[in-house]
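Here, each number is a calculation from the coordinates, and none is a lab measurement. Keep in mind that what you see is a predicted model, and the values were worked out from it rather than measured. Ideal geometry is used to build each Cβ from the backbone, glycine not excepted, and the neighbour counts take in all protein chains shown.
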Amino acid sequence: MADISQYSIVTYERRPGHWRAAITPIRRSGTLIQGKTGKTISSIVTPDDSASEPDAKFAAEKIIRKL
């Protein structure tokens, strides 16, 4: 389980009532996210729209906990 404090979460409204969040690791030496193909990923966007900004942030935190 990853530590939420090691990631930056930025929420944004795609259109009225449709929120998503981008998750980016805070750059420290050796902190990288590895994708399924072994490539380094610089950020992740929540896959589904959320009804509110807090919901989008919560969805991002759930993804971080799974890392």
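Protection proxy ranking, highest mean first, for peptides 51-59, 3-11, 17-25: 17-25, 51-59, 3-11, where packing is the per-residue count of other beta-carbon atoms within 10 Å, averaged. In this label model, Ser5 and Ser42 are separated by 2.7 nm, measuring between points 7 Å along each Cα→Cβ vector. With each label modelled as a point 7 angstrom along the Cα→C-beta vector, the Asp49-Arg65 pair spans 2.6 nm.
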